[in-house]
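Undergrad: Structure below; questions to follow.
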Amino acid sequence: MKRQTILLVEDNPDDAALTLRALDKCRVQGSVVVARDGVEALDYLFATGAHAGRDPEADPHVVLLDLKLPRVDGLEVLRRMRADARTRLTPVVVLTSSREDRDVAESYSCGANSYIRKPVDFNEFVEAVRSLGLYWLVMNVSPPKGGVLR
Amino acid sequence: MEADERSPNRPGVPRMGLNSGRIALIYAVVAGLWVLLSDTVLAWLVHDPLLVARIGVAKGAGFVAVTAILLYLVVRSHVQGILASDWALQRANGRLWILTDIASLLVRAESDRDLLPAVCAVIAGSGWVRGAAYCDVTGDGCRLAAAEGGWRPDDCSLAERVLASRTVEMLVPDRQAGAVLVAAAPVATQSGALGALIVAFAPGYPADAETERVMRRAADTLAVGLASMRAREQTEWEAAREAACSRMSECLASPRPVGLVAERAAEAAAALSGCPHAVVCAREERAGRVGMWLAGPGAGEVHCGLDGGDVVFSALAATVTDQVPRVLTADDVPGCLCELLGPADRVDVVPVAVEGLAVGVVALIGGSPQPRALAATVRIAALVAEAVQLQQWRDELRSVNEHLDAIVKASPLAVISTNSAGLVTTWNPAAERVLGWRRVDVIGRKHPAATADCAAELDAVYRRAMGGGTVHGHELHWVQQDGSRVELALHLAPLHGPGGEVAGILAIADDITESKWAEEALRRTMKTVADLFGAVPTGLAIFQFEEPDRLVLVDANPAAEKIVGLALADWRGKRLDDFWNDVHAGAVVEQILTAVWTKSAISMEDVSFTRDGAGRCLRMWAFAMSADRVGLAFEDITDAVRTQSELHDATSRLTTIFEGASVGIVITRDRAILSANPRFYRLFGLPEDVDLAGIDPLSLAAEDRREDLLAYSDRGRLAGVPAAPLETVGRRFDGTEFAMLLDPSIIRLPDGNAFVVFVTDMSVLRKTQEDLRITEDRLRQTLDTIPLCAVSIDADGLVTYINDYALQMMGYSRDEVIGHNWFHDFVVEEETSVGLEDFSRQQADGLLTRNYERLVRTRSGERRAIGFSTTLLRDARGVIVGASGIGEDITERRKAEQALRQSEQRLRKVLHGMPVLLCAFDERGVLVEWNGEAERVTGYSAAEIVGNPRGLQMLYPDAETRTALISEWVATAYDERESVKTVACRDGSRRLIAWSSIASRAPIPGWAHWAVGTDVTERVRAESEVKRLNQELEQRVEARTQELQAAYKEMEAFSYSVSHDLRAPLRGIDGFGQALVEDCFDQLGARGQGYVGRIRAATQRMGQLIDDLLVLSRVSRAEIHREDVDLSAMCARALEELRQSEPDRRVDARVVPGIHVLADRRLLAVAMENLLGNAWKFTSRTPDARIEVSEVAARGVRCIRVSDNGAGFDMQYAGKLFGPFQRLHAADEFPGTGIGLATVQRVVSKHGWTVWAEAEVGNGATFYVGLREEPSSR
């Protein structure tokens, strides 16, 4: 089985480190790419800018997306992903501190597959990451590459 | 050396161009040679090349240095030269001005030329001036005037140059000094002479301010000197002229007619001793020919001859046509003058003219003009001409005077003249006759007058004429010296003296006595005729032939205008034919024309005429007045003709009446019948052929009545008045008798009084009376039976008759009524006196019928109203004997009317007093109803507005509003509801009235339009106020809402930020704490791990706090959406979740089922979760934990009660219970953030509910949520 790619979009380095640690602790089988803001995330997703010419095989199998991001915020990243055929079906898990109903509702309406609130308790956080990694990378059947036939 | 003419303004730099060229040439040659030869020489001298090069350099440097020094010198001197020449130019200009001043002083007159040498001497006397000269360059040659011994120019070429170039300063060559600097100014005199004043300066003069000062002084001195010299000359000249004039006057004083001019000319010339060259030349007519006289003091008298003189004079005169002094050349001077005076190169000629005719000239011969002599001769020549003219006028005057004297003497009119003193100077023979004073008595005296009136009037007239006015035809009643009176017509005109002043009066008088008398007589006659013409009642009209058979109206008197009915002004000039427009016109005009042609008078009767559409009748006379005029006199006889005809008609009518009368008429006198009419014949059965004339009328009476009749007729005759009618018995022709009534009357006939007796057959009358009685009986029966009261009373009010109906109504028997006083016994007491008054008034007025209403008392005491119609009863002589009345019982009607009236009064009171306006208009739009409320609201009383045609205008002063209002009425067919109108009140205020009308649906007779209204002014005002307040409120709410929304937005952003950003660091602390424990477990040790554990616990607690605060904030922000919530189910769910969270605990939780509330589901869930969570928490240490949710009534409202038997709390701190972060238990005892109850409080208060708690330490707590619900909520 090939190593799967996880795209973690997180501006807070603490959170990014904790997430990586959680993933690591859960022994999630996949390489994690960290994007520090929305632009970088989009660059990676569409292989543009700094990530132009990246390995096409390294398309993420799941995107862990924070909402509050510099430059382009998470909802906008989500919207652009869903607008593009290449990423339309990529699973996106919103991973954020906010528990605002508004954020939840908007994330789902923009096409998020899951919404996970980062708990303060690291153990809970590890548990959450573990379950999502288990679900999205192991149990979930990914859509066929290059999108569905129309 | 010559002057540089091209640079005249730069004196002192001579030959500059030449010198410069020369210097430049020398420099070029020397420098060229140096350049060419120096190197060769050097090479030749020195053989060392190095030395040659060094010397070459030094040589070049030396050449450059020398050249530079030279150039410096040249430039410096040039700059100095420019500065110097500028300075010189300024000075030269200053001098030139002075020079020009001097020149202008010099040349004011030609004669000043003599002064020029002196002037030049003055100028030359100044310092630094070598000399001064004046050059005159006009004429043939140059004339020089210069100071004696000083510098003078060689010739006039210098002056010519000055004039040609207007040069001011220049250098001129001079024999002695080589060159001399001169200043010059051109000079022009009035006579056209042109020259130049030239001043030469001494060599090397500094041309400084001193020079100019000297020159200025010289100019000033010169000006003063010239002025005094001219004044002296003027004085001398005046004296000489005076002398010449006086001399000439003496000469002219003695009359020497022939040769006068020549002598005077000679004498005048002699007087001009100071002018040896003056000549006086004059023309004289002698025996019709013209001679020429020349005279001069030096030459004596020369007569040029009668023939030649004219020629010479013409030649001279032709040169002086404009009477302007003129200079002649030698060619112009006539030969004879030359002979006389010798050759002359210049003659100044002055013409002498009298009234535009040249009579002489004065010539001044010689080169030097002498103004004194010239002016004197001009004056003298004028005097001579005047004298000649005077002599001619004297001769003419004498001749005219002679003619005038002859005319005055022969004049039939009185001619009088007086001088300015009012003394008579002329008094001709006619004046003696007309005015009645002899000439010798009045000449040289005041104008005579016999009476004071005449004198005063005459004086006034004379004064008017003396004032310069002309009097024409002034009529004067004059009394002559001998007292006889005449009428005068005076004509006066002022006589003017030589200076135009009034020097006397010329008066002409005419005797108009006879003509005035004749005029007066004629006027009187004319007035008489005119008065007659205007006053006679007969119409007079005068026609005149305009053509042989055409007469037009020229005049008519007022009577004619009146008769014909036409205004003279309109009809003057109309034709005679035009006055008749009927068929007879031709005949009438024909007759009038015949009268004229035959020169006879004719009269015409019954000339018909139409006036104002009615036929009139004229009697007319026509008579010839003169050959072309005819007079018409006419009278209107229409009325006379009509009277005659009416008389005829009256007679025939009388005859007809007499013949056809239905009574017998007989006319008697002295017991004898004069005539009787056919009816009389028939009454007495007399055959028609019986002649009754002269028969005794008594014979026609029954025999037994004859004596009575005789007495009757005698009584009447003696009394002279007709006796009363008498009924007696007549005897017919056949002997039968019949009742007859005689009614005599007296007529006055021309031959005495006669009786006319009307005889009526009474037998028929008797039968009629019987019929009448029967009718009366029937009438009475009728009266007895009709359903009306019929009562008759006599004059005293006693009842004479009463019908059955009345008796029945009143309940009396007839006997109880007849003979009793109606007013006292049957009319009710309070109306007795009124009834009596009415009755007596009716009697007094004599009115036949009157209507009364009386209350009558019945036998039973009941009062009944009877409406009587009463009629006065009279006996045969017309004396009032009583009255009868027919009456109707109107008691019931009165009652009904009374009820109606009361009802109406009630209604009226309601209408008047109701708090609703009521107004009504009639057909014309005039107010007919205006109730109390309307009066109160508008202030207009009913008295002033009802019936007032301006009523509507008072209420609605604006015409447009009224028009709109009426159109609205018409449009809505008087059907409107709550139509608000602005009404003008009496105090000027405006009130809003809401009018409603149902006039069309509920028409009221007499009220064309009516409406009720309510005063809604205050209501409308209040409504608008409410509306305004509402708007204001809305605005405030809007503003507050916006503020709230802004705050809400802010808070939302804050919450979001808290939610996100506050949690991230906590997570970091917790996560890395955990990592620390995991990764550095050994290094930390037990204590370190404990610290990390505490850090992590604190972090999580912080996270919980943030979450709870977020909930609280969300609750605060949340909007309420009420719906029916099953509280019981909600609580059960919450308890189930709690139970699952701690499955080990045994809690007895009970929820009363079926509790429903109207609330926001989400918020209520938050509140209930908190309350139940608390209960769960605080019962954790209670062995038999019990939680109960129920519904109770407390504090007057329905409440949800959540109670437990947990730890409870001290009620002392109940007030702090619902504040955020307020905790009543230690955290290690019962964990919590202290926000839960604050959230509950927030939810409850957002619903408008209340929450409170009751507790006891150790005995549990009970929370009540008081639902303040709307009644319909369940």
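Undergrad: Just order A:77-86, B:987-996 by mean Cβ neighbour count inside 10 Å, highest at the front, would you?
TA: A:77-86, B:987-996
Undergrad: How much area per residue is accessible in the range B:745-851 when the probe is 1.4 Å and only protein heavy atoms are counted (Å²)?
TA: With all protein chains present, the range B:745-851 gives 59 Å² per residue.
Undergrad: Something else about it: Under a Cβ-Cβ cut-off of 12 Å, what is the net charge of the residues other than B:ALA449 that fall near it, where Lys and Arg count +1 and Asp and Glu count -1?
TA: So the environment of B:ALA449 carries a net charge of -1.
Undergrad: Here is a further query. Whenever you get a sec, compute what percent of the accessible area on the range B:867-943 sits on carbon and sulfur atoms (1.4 Å probe).
TA: For the range B:867-943, the apolar C and S fraction of the accessible surface comes to 56 percent.
Undergrad: Give me the accessible area per residue for the range B:1187-1272, probe 1.4 Å, as a whole number in Å².
TA: 46
Undergrad: Additional query: Once you order the gyration tensor axes a ≥ b ≥ c over the Cα atoms, which shape class does chain A get: rounded for a/c under 1.5, otherwise prolate or oblate by comparing a/b with b/c?
TA: rounded
Undergrad: Taking only C-alpha pairs under 8 Å that are 6+ residues apart, what is the relative contact order of the range B:928-1065 in percent?
TA: Value for the range B:928-1065: 16 percent.
Undergrad: Once the whole set of protein chains is in place, how much accessible area is left on B:SER652, using a 1.4 Å probe, in Å² to the nearest 10?
TA: Counting only protein heavy atoms, the figure is 60 Å².
Undergrad: Excluding same-chain residues fewer than 8 positions from B:LYS446, which lysines have a Cα within less than 27 Å of its Cα?
TA: Leaving aside lysines fewer than 8 places away in the same chain, those within reach of B:LYS446 are B:LYS409.
Undergrad: Where a ≥ b ≥ c are the square roots of the eigenvalues of the C-alpha gyration tensor, would you call the range B:1034-1165 rounded, which needs a/c under 1.5, or, failing that, prolate if a/b is larger than b/c, or oblate?
TA: oblate
Undergrad: Could you compute how much accessible area chains A and B hide from each other, both sides summed, with a 1.4 Å probe? Nearest 100 Å² is fine.
TA: What A and B bury together is about 2200 Å².
Undergrad: Say each of B:GLN1222 and B:LEU779 gets a label point 7 Å from the Cα, pointing the same way as Cα to Cβ; how far apart are those two points in nm?
TA: The modelled label-to-label distance comes out at 12.1 nm.
Undergrad: Tally up the carbon and sulfur contribution to the accessible surface of the range B:551-691 as a whole percent, 1.4 Å probe, everything protein left in place.
TA: After summing per-atom areas, the C and S share lands at 54 percent.
Undergrad: Taking a cut-off of 29 Å between Cα atoms, list the lysines near B:LYS1246, but don't count ones fewer than 8 places away on the same chain.
TA: Here the lysines satisfying the reach criterion relative to B:LYS1246 are B:LYS1049, B:LYS1177, B:LYS1216.
Undergrad: With a ≥ b ≥ c the root eigenvalues of the C-alpha gyration tensor of the range A:23-84, is it rounded (a/c under 1.5), prolate (a/b larger than b/c) or oblate?
TA: Judged from the Cα gyration tensor, the range A:23-84 comes out oblate (a/c at least 1.5, b/c at or above a/b).
Undergrad: Threshold 40 Å², probe 1.4 Å: give the residues of the range A:10-47, in number order, that are less accessible with all protein chains present than with their chain alone.
TA: A:LEU18, A:ARG21
Undergrad: Report the label-to-label distance for B:LEU45 and B:SER1141 in nanometres (one decimal), using points 7 Å from each Cα along the Cα→Cβ vector.
TA: About 13.2 nm, to one decimal.
Undergrad: When you look at the Cβ of every residue in A:121-128, what mean number of other chain Cβ atoms sits within 10 Å?
TA: So the per-residue partner count for this stretch is 5.
Undergrad: To the nearest 20 debye, what charge dipole does the range B:820-969 have about its Cα centre, counting +1 at the Cβ of each Lys and Arg and -1 at the Cβ of each Asp and Glu?
TA: The calculation lands at about 420 debye.
Undergrad: Leaving ligands, DNA and RNA out of it, work out the accessible area of B:TRP34 with a 1.4 Å probe and give it in Å² to the nearest 10.
TA: So the heavy atoms of B:TRP34 present about 120 Å² to solvent.
Undergrad: Mind jotting down the distance between the C-alpha centroids of the range A:82-146 and the range B:946-968, whole Å?
TA: So the separation of the two Cα centres works out to 85 Å.
Undergrad: How much of B:TYR974 can a 1.4 Å solvent probe reach, expressed as accessible area in Å² and rounded to 10?
TA: Rounded to the nearest 10, that gives 70 Å².
Undergrad: Please give every one of the lysines within straight-line cross-link reach of B:LYS527, meaning a C-alpha to C-alpha distance under 17 Å, and leave out same-chain neighbours fewer than 8 residues apart.
TA: B:LYS527 reaches B:LYS516.
Undergrad: Using a probe of 1.4 angstrom, how much of the accessible area of the range B:1047-1165 is carbon and sulfur, in percent?
TA: Result for the range B:1047-1165: 58 percent of the exposed heavy-atom area is carbon or sulfur.
Undergrad: For B:LEU847 and B:ARG894, what does the FRET efficiency come to when R0 = 25 Å and r is the distance between their Cβ atoms, rounded to the nearest 0.05?
TA: After rounding, the FRET efficiency stands at 0.50.
Undergrad: For the range A:1-118, build the charge dipole from Cβ charges (+1 Lys, Arg; -1 Asp, Glu) around the Cα centre, then report which of A:LEU65, A:ALA105, A:VAL32 sits farthest towards its positive end.
TA: It is A:VAL32, whose Cα lies furthest towards the positive end.
The values are calculated or read from the model by the stated rules, or taken from the named source; none is laboratory data. For clarity, every value in this text was computed on a predicted model and none was experimentally measured. Please note: Cβ atoms are built from the backbone with ideal geometry, for glycine as well, and neighbour counts cover all protein chains shown. Surface areas here come from the heavy atoms of the whole protein model, side chains and all, with no ligands, DNA or RNA. Shrake-Rupley method; radii C 1.70, N 1.55, O 1.52, S 1.80 Å.
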